[in-house]
1. Considering every residue within region 121-130, establish whether at least one is open to solvent by less than 40 Å² (accessible area, probe 1.4 Å), assigned to a helix (DSSP H, G or I) and in contact with a Gly (Cβ under 8 Å, 6 or more places away or on another chain).
2. Restricting attention to region 193-213, report how many residues are more than 15 Å from Ser87 (Cα to Cα) and of a type in the set (S, T, N, Q).
3. Please tell me if Gly189 is modelled with pLDDT under 80, open to solvent by less than 30 Å² (accessible area, probe 1.4 Å) and not charged (D, E, K, R).
4. Restricting attention to region 150-176, report how many residues are in contact with a helix residue (DSSP H, G or I) (Cβ under 8 Å, 6 or more places away or on another chain), closer than 25 Å to Gly119 by Cβ and in contact (Cβ under 8 Å) with a residue 60 or more places away in the chain.
5. When you look at Leu202, is it of a type in the set (A, V, I, L, M), free of Cβ contacts under 8 Å to residues at least 24 places away in the same chain, open to solvent by less than 60 Å² (accessible area, probe 1.4 Å) and more than 23 Å from Ala103 (Cβ to Cβ), yes or no?
6. Restricting to helices (runs of 4 or more DSSP H) lying wholly in region 148-222: which have 2 or more residues that are aromatic (Phe, Trp, Tyr)?
7. Can you go through Val145, Val80, Val138 and tell me which one is surrounded by 19 or more Cβ atoms within 10 Å (Cβ to Cβ) and without any contact (Cβ under 8 Å) to a residue 40 or more places away in the chain?
Amino acid sequence: MQLFSSRADRRRGIAAAVGVALLAVGLYVLVNRYAGFITDAEALRTWLDQFGFFAPVVFIGIQALQVIVAPIPGQVLAFVAGFLFGSFWGTVYSLTGVLIGSAVAFSLSKRYGRSFVEGVLHEDVVARFDDFVDTVGVPGLFAFVIIPGLPDDAICFLSGLTKWSLPTFMTVIAVGRLPAYVITVYAGGELASGRFLSAVALVAVVVVASAVGYYKQNAVRDLVERFEPRLPF
């Protein structure tokens, strides 16, 4: 991976990392003290509903924020999107927010480099997935991103340290994250329509897949690294 080209760039990267870390801490404190409803699906739906016409814009902003700094599960927000906006528009708004947040994370890393990423991500995540992101190709990244429960937000930051272009990265993220978000948003729509059992079944599928992906993330990483070089594209 390419590091900083000068000491000045390195100092700017460190300063940016410190700034983002302080912002993340500040946002976390504010969310927990004054806006705890953000992590509660029903309360978040009620809060968003008060914005009326501007509710989609507010939701997209929150969804983008959860990728960058906020400790908000993206799937929870996707479920709320389905409950509030319906299956189609909920998917559109959720994916739009995720893509915006992913683009910001990627671009910040691309601009400020390794010191910035190491200041934002936990050192354990960097140690386990740094080399993976640097060596795996686009098909391998897609295979990794499509599985729920893996640290795909962290991958957005680490991907900014590679030679990948933003359009290539965004295409992989858009296609890879779509299936899980479609299922989760649809589950929210089913609940809003009163089909409780259907909603629970869909959520259970995503939860199980996320749990397997989370606890087997190292195995998934190794599998992707093993098979990606054999792919014909």
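The values are calculated or read from the model by the stated rules, or taken from the named source; none is laboratory data. Keep in mind the model is a prediction, meaning the values are calculated, not measured. Cβ atoms come from the backbone with ideal geometry, glycine included; neighbour counts cover every protein chain shown. Each accessible area value is taken on the protein alone, full model and side chains, heavy atoms only, with ligands, DNA and RNA left out. Shrake-Rupley method; radii C 1.70, N 1.55, O 1.52, S 1.80 Å.
1. Quick first cut of region 121-130, residues open to solvent by less than 40 Å² (accessible area, probe 1.4 Å) only: 121, 125-126, 129-130.
Among the residues that remain, those that are also assigned to a helix (DSSP H, G or I) are: 125-126, 129-130.
Among the residues that remain, those that are also in contact with a Gly (Cβ under 8 Å, 6 or more places away or on another chain) are: none.
So far as region 121-130 goes, no, none of its residues is open to solvent by less than 40 Å² (accessible area, probe 1.4 Å), assigned to a helix (DSSP H, G or I) and in contact with a Gly (Cβ under 8 Å, 6 or more places away or on another chain).
2. 1
3. Values: modelled with pLDDT under 80: no; open to solvent by less than 30 Å² (accessible area, probe 1.4 Å): yes; not charged (D, E, K, R): yes.
No.
4. 10
5. yes
6. Values: elements: 152-159, 166-192, 196-215.
Qualifying helices (runs of 4 or more DSSP H): 166-192, 196-215.
7. On the way: Val80 fails: without any contact (Cβ under 8 Å) to a residue 40 or more places away in the chain; Val138 fails: surrounded by 19 or more Cβ atoms within 10 Å (Cβ to Cβ).
Selected residue: Val145, the only one of Val145, Val80, Val138 that is surrounded by 19 or more Cβ atoms within 10 Å (Cβ to Cβ) and without any contact (Cβ under 8 Å) to a residue 40 or more places away in the chain.
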